[in-house]
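Peer 1: One structure, as structure tokens, below. Some questions next.
Each value in this text was obtained by applying a stated rule to the coordinates, not by laboratory testing. Since we're looking at a predicted model, the values are computed, not measured. Cβ: placed from backbone, ideal geometry, glycine included. Neighbour counts: every protein chain shown.
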Amino acid sequence: MDKSILLMLASILAGFALLKVPLAGTFLSGLEPVTTLIGILAILIFSLFLIYKGLMALLGK
């Protein structure tokens, strides 16, 4: 298996972790919208890349 594919899967998991991290009640609570946005973007970008790589593998390119 390609190492970049595993890196993309790890990045998607990190995006989910950013969405679930509890920041309420800490000094970082003001950054919660930023971490949510970064988490959503990470999940979307790396998921789309994995879909692209899968389609290219299916099509033989």
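Peer 1: Residue by residue through the range 1-43, note down the ones that are among the polar types (S, T, N, Q), surrounded by 15 or more Cβ atoms within 10 Å (Cβ to Cβ) and within 21 Å of G54 (Cα to Cα).
Peer 2: S11 - this is the single residue of the range 1-43 that is among the polar types (S, T, N, Q), surrounded by 15 or more Cβ atoms within 10 Å (Cβ to Cβ) and within 21 Å of G54 (Cα to Cα).
Peer 1: For the range 44-61, how many residues meet the condition of being hydrophobic (A, V, I, L, M, F, W, C) and surrounded by 12 or more Cβ atoms within 10 Å (Cβ to Cβ)?
Peer 2: Initial filter on the range 44-61 (hydrophobic (A, V, I, L, M, F, W, C)): 44-46, 48-51, 55-59.
From what's left, surrounded by 12 or more Cβ atoms within 10 Å (Cβ to Cβ): 44-46, 49-50.
Residues that pass the stated criteria total 5.
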